[in-house]
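K.L.:
Can you keep this structure in mind? I'll have questions shortly.
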Amino acid sequence: MPLVIMCGFPCSGKSRRAKELQEYLEKSGRKVHIIGDHVLELDKNAVYADSRKEKEVRGPLRAAVERSALNPNYNLGILFCLIKHVQTPHCLIHCLTAPEISSTWNQQRDPSEQYTQEIFDALVQRFESPDSRNRWDSPLFTVHVDDNLPSEQISDAIFHRKAPPPNQSTQTQPLSSTNFLHELDKVTQDVVTAVLNAQKTSVPGDVIVVPGAKLPRILNMSELRRCRHQFISYTKMHPNENISQLANMFVQYLNKSIH
């Protein structure tokens, strides 16, 4: 299914334009799914005040996009990789408003749906306007407050245009045998356990020694878990049938990741 990405300041009309496009496409028999923060029933002010929480929210949103694919509102680079991976056409709609207009619209919302002024200002400040010269921002449709939505041109862009070609980083490689995946999981967990055991008698500043390698500093559980998940994801995309090398590869990955 083609992907339409809405972007703009908070309260810039993204939801309204998405519904306009939905109505236009559904009249021609198209099935439309709209994905955004609203589907998760989030406390927006709490989420966008905490970068960690905001990052955590992106996972469920991306999963929802992968399941049905239309209209999220976050990191365009990540979405472009998803677009290339599933090989589907896309376009970007930029709802362009002045900050003062968006702020007024925010204040006119029901209090339960408003951004606090502090969060609103922070989101406006960090918003990066799209640039059609970027592959992930093209084709780009910029829609001002009083403009009519160019629904026909948008429809042509997503239904009558070729998808961007995949590259090695976005193509899914054939997974190796079930035994390889089992060994990958087991070996990386064994390395994590060995690191944790070695650290039990260590103090800050010690070099951590594990079978076959040394780590320059102590690692906490969250760092180890994050590195393990990243290594497993990478190795699934670039399988190495030599299982005996997995432990050494993972330790080398840890060393590069923690410097």
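The values are calculated or read from the model by the stated rules, or taken from the named source; none is laboratory data. Source: prediction; values computed, not measured. Neighbour counts run over all protein chains shown; Cβ positions are idealised from the backbone, glycine included.
K.L.:
Filter region 77-105 for residues that are assigned to a helix (DSSP H, G or I) and buried (at least 20 other Cβ atoms within 10 Å of the Cβ); which is modelled with the highest pLDDT?
P.N.:
It comes out as S102.
K.L.:
Within region 6-29, can you find the residues that are assigned to a helix (DSSP H, G or I) and either of a type in the set (D, E) or surrounded by 15 or more Cβ atoms within 10 Å (Cβ to Cβ) (or both)?
P.N.:
Answer for region 6-29, where residues must be assigned to a helix (DSSP H, G or I) and either of a type in the set (D, E) or surrounded by 15 or more Cβ atoms within 10 Å (Cβ to Cβ) (or both): K14, S15, R17, A18, E20, L21, Q22, E23, Y24, L25, E26.
K.L.:
Could I ask something else about it? Report, by residue number, each residue of region 102-127 that is among the β-branched types (V, I, T) and free of Cβ contacts under 8 Å to residues at least 60 places away in the same chain.
P.N.:
Residue satisfying the conditions is T104 alone.
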